[in-house]
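Computed from the coordinates by the stated procedures, all read-outs in this text should not be read as laboratory data. All values reported here derive from a predicted model rather than from experimental measurement. When we count neighbours, we look across all protein chains shown, and the Cβ atoms used for this are built from the backbone with ideal geometry, even at glycine.
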Amino acid sequence: MTLRDHAIRYGFIVLLVGLIAYFAVAADGFVSPQSAVFIFQSVAITGVLALGVTATLVVGGFDLSIGSVATSAMMAASYAMVVLEQNAIVAVIACLVIGVVVGLINGWLIVYMRVPDLLATLGMMFLLLGLQRIPTEGRSIATGMTMPDGSVANGKFSEAFLALGRHRIDFFIPSLIPVSVVVLVVLAVLIWFFLEYTRFGRMMYAVGSNERAAELAGAPVKAYKIWAYVISGVFASIGGILLAARLGRGDIASGNNLLLDAVAAALIGYAVLGAAKPNAFGTAVGAVFVGVLLQGLTMMNAPYYTQDFVKGAVLVVALVFTFALSGRGKR
Amino acid sequence: MGADAVFRVEGLRKSFGQNEVLGGISLDLFAGEVTVLMGANGAGKSTLVKIVSGVYERGAGTMRLAGQAFDPSTPAEAIRAGVVTVHQNINDGVVADLDVATNLTLDRLSGKGASLLFKPANVRAEAWAVADRMGLAIDLRARVADLSLADRQMVAIARAMAHQPKVLILDEPTSSLSSAEADRLFSLIDRLRGQGVAILYISHRMSDIRRLADRIVSMRDGIISGTFDRKPLDYEGAVNAMLGRKIHLDRVVARNSARVVFTAESLQLAQGAKPISMTLGAGEVVAVTGLVGVGKTALAETLFGVRRPLAGTMHMDGRPYAPGSAREAIAAGVFLVAKDRAMSGIVGGFNIERNISLPFLKRMSGFGVMKKRVERAAARRQIDEFGIVCRSEKDELSALSGGNQQKVMVARWMSQASRLFILDEPFQGVDISARRDIAAKLRASADGRATLLFVTEIDEALETADRILVMSEQTIVGEHRNDDIDLDRLLAEVAGGPLHSAA
């Protein structure tokens, strides 16, 4: 391998290590278990969404509705517990059902109605942003809220549900690792194994690279595409569950940045190890990369309003790595 | 003769890198004549057209238009000088979202002397004049997107004629037209011929050629291999010159098959086409030959379940066979190496190993998890078998030569046993040694399955097959055992001549 090949392959990892080394020196307390956990926690939800959208990128599609699926799931979980007075299990199941149904509809629109992926999921995004406000007539959902008809909601967030967002698991240090980080790691390993080691994942890559060749090799291309959107929807709804559990309320104003952050992580992932294609490991590294950068800058007292600028800059650099340096110019 | 040629090309050469595509073409076009240019894929027709229309620069040679040197460096210059080309893809010639009138006058919207403001009244008047000259009966206010393919084609030609060219080049203009639509195009061409335009008409369709040609020029491997202008035109000679035989030919020893594997009964591919019946036996290699567009790919896709026949039935090993998808065909043991490997075969993001295993992932996995060792062993075995030149099974396909890429495609489908193995144009874009390797492999491994090959070049059929079927007009018109073959009869069948009684 030439130097250039090495640069393409390991450039981004080296950048990540260099960044950590820099912050370790420059920012007090950056290197500590708590700080590491904080970084993971801050990217847990966007990371889960990013892993889901990676599945749609693999089949050559895109899912813009993940952010609104997550907030819809958050509102649904809150509504189920606070207004309908259901328990945590019902709330979680309701969220997952939303994820599956939205994924199926997205897939149906794209595969059978032939709506281009970006447009179909953009439409779905709008639809969900509106839909999630209808049951409460635009109000946020919190314990003891006043309903539109003047009555007071009697339900409350169950302790078991809130634990998903707040409980910390002992790991050498007592109460160190939040449940959301465990969820992120488990899902990352699952989707990574699925995409890299199973025949289904392999075929999804084939569909994304040359749909006709995959079809002539006997793949049910339509089914694979729909499944990709279902995976994306379910992952987004899991992100929504974590969001609701962390906030402890159904806040209609939250989750604005979820879509962009998740997509950025997935696209940064193209550059990791010179893959030049969507991949689960890269997506996870991409999410952590953004987390490290923001945590470090915050600890060095960079103002909060510079965050989006930093994320954007990282994304642009990563895209240059992927497309210009590796010379593959192909998604 | 040649003194009054409107357009003369002499000694035209063109190479791409090492690869010489045109090896000294000389061609005359005469006013008021339709010259048909015939040539198989890769003969260099489109390169020739692109040089004449100013898209490519020529390597060597001269071009003269009406006695003047003709030296276009851009398509616009060629058009201004009076050489207009209507390309195969109709939609390149029209803007779908604009109306007919604007399309007809589109070229005046830009360039020198174009007025800054768009004046609808002027446009309509001008368009009306163009349409009238051409005898075009289309509503000028209709959006082009709403027109039929034939009408769009008419508009594209009319638009080209608005420049009043001396030379008009039509590149396979009927390839997506119905026969009624084609008739309208032909009467338009007759009209232009009457107006003294020199027309170069590129086509594979014998019915078009019989209807239109004043002269036929055949191309083969970058040179003119025959010119036919004595009436009545020698159509079979033209086909022979285009597909003709090379001097050295490896003949095969034709084998017979004892056991029937596949039968088709009264299979109908297209509206109005005669039904096809055929029987393929174990151990034999059968080639189907015929010109481009006679339904070879349609037949291949029908057998592979990608396309449904209009009528008829098929049987595999005596059992009814009616695949609804490629998946079902593969499950029944019918494999297809599809035409055009870049479009329908190669998965660009995958290395050799993954390209070979692609259709057989289920057989190479347990509980959905890939058995990588099994996969790698299969790839290595196939690389050895076919002599694929590569560093390892991890090479990307883009790093391989065309011949090696095609070997990977054939190796993919031969990595597991099949009952009926179909190959559609397996030798396209493949060098001679790779072609020999693949053909030898096919013959050596033919036992136990039926092998069906679709090729345009008759040589390729003669080199590989035990039996040759000839297709014309979406049906099979002849059958030959590949020893002591009556080539004149075979060529007559390819050229769509009067049908002989079945052999």
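Here are the numbers for this structure:
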quantity	calculated
Isotropically averaged projected area of the stretch B:7-243, using the convex hull of Cα atoms (one quarter of hull area), nm²	13.1 nm²
Burial ordering of A:Val90, B:Val294, fewest other beta-carbon atoms within 10 Å first	A:Val90, B:Val294
Ellipticity estimate at 222 nm from DSSP helix runs (n ≥ 4, -39,500 (n - 2.57)) divided over the protein assembly as shown, nearest 500	-14500 deg cm²/dmol
Extent along principal axes [Cα atoms of the stretch B:171-278; Å; largest to smallest]	61, 40, 24
The stretch A:1-30 and the stretch B:425-503: distance between their alpha carbon centers, rounded to Å	60 Å
Among A:Trp108, A:Thr46, A:Val92 the positive-end extreme of the charge dipole of chain A (Cβ point charges)	A:Trp108
Anisotropy class of the stretch A:152-205 from Cα gyration tensor, a/c 1.5 cut	oblate
Intensity falloff of the stretch B:97-228 expressed as log10 I(q)/I(0), Debye formula with alpha-carbon point scatterers, at q = 0.11, 0.17, 0.19 Å⁻¹	-0.45, -0.95, -1.11
Sorted by Cβ density within 10 Å, fewest first, the residues B:Cys390, A:Cys95	B:Cys390, A:Cys95
Relative contact order computed over chain A (Cα-Cα under 8 Å; 6+ residues apart), in percent	33 percent
Sorted by Cβ density within 10 Å, fewest first, the residues A:Val310, A:Val17	A:Val17, A:Val310
Volume in Å³ per residue [convex hull over Cα atoms, computed for the protein assembly as shown]	226 Å³
Centre separation in Å (Cα based) which lies between the stretch B:48-94 and the stretch A:78-104	66 Å
Quarter of Cα convex hull surface for the stretch B:38-87, i.e. mean projection, nm²	3.9 nm²
Dipole in debye (nearest 20) - the stretch B:7-243, about Cα centre, beta carbon charges: Lys, Arg +1; Asp, Glu -1	420 debye
In the stretch A:105-185, the chymotrypsin sites (Phe, Trp or Tyr not before Pro) that fall in loop regions by DSSP, at most 14 other Cβ within 10 Å	A:Tyr112, A:Phe172
Candidates A:Leu195, A:Leu176, A:Leu267: whichever shows maximal mean-square fluctuation once chain A is modelled as a Gaussian network with Cα springs under 10 Å	A:Leu176
Exposed GluC sites (Glu not before Pro) absent: longest stretch of chain A, with sites in DSSP loops and at most 14 other Cβ within 10 Å deemed exposed	A:138-331
Reduced Cα scattering model of chain A, Debye log10 I(q)/I(0), q = 0.10 Å⁻¹	-0.60
Length gained when the stretch B:Glu77-B:Arg381 is fully extended (0.36 nm per residue, less Cα-Cα span)	103.9 nm
Cα gyration tensor shape of the stretch B:430-480, rounded if a/c is under 1.5, else prolate or oblate by comparing a/b with b/c	oblate
Descending semi-axes in whole angstrom, ellipsoid equivalent of the stretch B:1-98, from the Cα gyration tensor	21, 19, 14
Helix B:179-194 vs. chain B, principal-axis angle (Cα, 0 to 90°, nearest 10)	40 degrees
Interatomic Cα distance distribution for the stretch A:120-185, bins of 5 angstrom, percent	4, 13, 13, 12, 13, 16, 14, 9, 5, 1, 0
Positive-end extreme of charge dipole, the stretch B:280-368 - chosen from B:Val286, B:Asn355, B:Pro320 (charges on Cβ)	B:Asn355
Folded to 0 to 90 degrees: helix B:120-134 orientation relative to chain B principal axis, Cα	70 degrees
Nitroxide proxy distance, nm - points 7 Å out along Cα→Cβ at B:Arg308 and A:Asp149	5.2 nm
Low-density loop positions, trypsin sites (Lys or Arg not before Pro), the stretch A:151-226 - DSSP coil, at most 15 other Cβ in 10 Å	A:Lys156
Rg [Å, one decimal], Dmax [Å, integer] - chain B, C-alpha atoms	25.1, 77
Per-bin percent of Cα-Cα distances, the stretch B:249-388 [5 Å]	2, 8, 13, 17, 17, 16, 14, 8, 4, 1, 0
Cα gyration tensor category, rounded, prolate or oblate, for the stretch A:17-154 with a/c compared to 1.5	oblate
Unit charges on C-beta of K, R, D, E only; dipole of the stretch B:189-244, Debye	180 debye
Estimated dipole of chain B in Debye, rounded to 20 [Cβ of Lys and Arg +1, of Asp and Glu -1, Cα centre]	1220 debye
Debye log10 I(q)/I(0) for the stretch A:225-301, one point scatterer per Cα, at q = 0.11, 0.17, 0.24 Å⁻¹	-0.37, -0.84, -1.19
